[in-house]
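What follows is calculated from the coordinates using simple rules that are stated; it is not laboratory data. What you see is a predicted model; the values in this text were computed from it and never measured. Neighbour counts run over all protein chains shown; Cβ positions are idealised from the backbone, glycine included.
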Amino acid sequence: MNIGFEYVDRLLIVRIDGDIDHHSCEEIRSKIDKEITLKNPKSILFDMEQVGFMDSSGIGVLIGRYKLISNNGGKAGMTNVKPQIMRLCEICGLQKIIQIYPNKKKAIASIKEC
Amino acid sequence: MRIDNEMKLEFLSKSQNESFARSVVAAFVAQLDPTIEELAEVKTAVSEAVTNAIIHGYGCGTGNVMIVSRIIDKTVEIEIRDFGAGIADIELARQPLYTSKPELERSGMGFTVMETFMDKVEIESHPGNGTIIRMTKTMKTA
């Protein structure tokens, strides 16, 4: 599982590359949490362009990271979400707490305003 | 009832087999010429059921997970069976957001996702002897 990190000021952009399921979520969780502990970002944006599959295990991981960031007053967002994953997010009501943006540029502009 | 095709798959309850299991079922279902959306729905439902078997059926232990899938006309039937702990209260387990393992950051949406993505989901469980999840879905485009 390849996970890339980049920053726009204190916004952490997490680029996940691969399927998100129960098997991969432990590695995703520990890598992101390590990055959050080390760099203390204000907000987080998940770039899902390279995620072809996600099940409800992924919902648990995303909500867990949202809690970490929002406890310190930050915001969480997602972008480049594929239609089949968007349906899962809608069923689970994820978009009510993690804003889903049509592209990375809009996501960065919106999250950084806050 | 005429069964047009059938397959069986049995594997150890290891999490690295989750993607293997959903990919095998997707490849089997592909013969019905589903849409990308229908295929993604079947894969997600299978992933939820297999994950439940591994996490809740066997917990820290290991056992076998069995999948039997049948194609009848335009409909796929999928049975996912474990021989583990079983579910004491099926109605509670089906509730959205319910999880018996909140410490694992589970969303508690597994059964809700299965019920949304498949046409029918039945749960048969015997505490101490395991659980069978039976799901069916009719492809609209086949």
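Apply 1/(1 + (r/R0)^6) to the Cβ-Cβ distance of A:N40 and B:K14, taking R0 = 45 Å, and write down the FRET efficiency to the nearest 0.05.
Computed FRET efficiency for A:N40 and B:K14: 0.80.
Considering lysine pairs in chain B that are 8 or more places apart or on different chains, how many have Cα atoms under 27 Å apart?
Lysine pairs satisfying the spacing and distance rule in chain B number 20.
Go through A:M1, A:Y66, A:Q50 and say which Cα lies farthest out towards the positive end of the charge dipole of the protein assembly as shown; charges sit on Cβ, +1 for Lys and Arg, -1 for Asp and Glu.
Towards the positive end, the residue furthest out is A:Y66.
For the range B:7-47, what does the alpha-carbon gyration tensor say about shape, rounded, prolate or oblate, given a ≥ b ≥ c as the root eigenvalues, a/c under 1.5 as rounded, and a/b over b/c as prolate?
Oblate is the answer for the range B:7-47, as a/c is 1.5 or above yet b/c matches or exceeds a/b.
For A:L62, what charge total do you get from the other residues with a beta carbon under 11 Å from its beta carbon, if Lys and Arg give +1 and Asp and Glu give -1?
My count for the surroundings of A:L62 gives +2.
Averaged over A:19-28, how many beta carbons belonging to a partner chain fall within 10 Å of each residue's beta carbon?
Average neighbour count from other chains, rounded to a whole number: 5.
B:E91: net charge of surrounding residues, Cβ under 14 Å, Lys/Arg +1, Asp/Glu -1, itself excluded?
Residues close to B:E91 contribute a combined charge of -3.
First measure r as the distance between the Cβ atoms of A:R29 and B:D73, then evaluate 1/(1 + (r/R0)^6) with R0 = 41 Å and state the FRET efficiency to the nearest 0.05.
0.45
Relative contact order for the range B:39-132 using alpha-carbon pairs under 8 Å, separation at least 6, rounded to a whole percent?
About 34 percent, as a whole number.
Counting pairs of Cα atoms in the range A:2-109, how many percent are more than 21 Å apart?
Everything past 21 Å amounts to 25 percent.
Which aspartates and glutamates does A:K31 reach when only Cα atoms under 16 Å apart count, and residues fewer than 8 places away in its own chain are ignored?
A:E6, A:D17, A:D19, A:D21, A:D47, B:E105
Choose one of B:I87, B:L39, B:A27: the residue whose Cα lies farthest towards the positive end of the charge dipole of the range B:1-91 (beta-carbon charges +1 Lys, Arg; -1 Asp, Glu; about the Cα centre).
Farthest towards the positive pole: B:A27.
Specify whether the C-alpha gyration tensor of the protein assembly as shown places it in the rounded, prolate or oblate class, a ≥ b ≥ c being the square roots of the eigenvalues: rounded for a/c under 1.5, otherwise prolate if a/b is larger than b/c and oblate if not.
Prolate, because a/c is 1.5 or more and a/b exceeds b/c.
Antiparallel versus total DSSP beta bridges in the protein assembly as shown: what percent is that, nearest 5?
Roughly 75 percent of the beta bridges in the protein assembly as shown run antiparallel, per DSSP.
Counting Lys +1, Arg +1, Asp -1, Glu -1, what net charge surrounds A:D19 among other residues with beta carbon under 13 Å of its beta carbon?
So the surrounding residues net to -2.
Rounded to the nearest 20 debye, what is the charge dipole size of the protein assembly as shown about its Cα centre when +1 sits on each Lys and Arg Cβ and -1 on each Asp and Glu Cβ?
With Lys and Arg at +1 and Asp and Glu at -1, about 920 debye.
Between Rg and the Kirkwood Rh of the range B:1-131, both from Cα atoms, what is the Rg to Rh ratio?
Reported Rg/Rh (Cα atoms, Kirkwood Rh): 0.95.
Could you size up the charge dipole of the range B:1-133 around its Cα centre, putting +1 on the beta carbon of Lys and Arg and -1 on that of Asp and Glu, and report it in debye to the nearest 20?
For the range B:1-133, the charge dipole is close to 320 debye.
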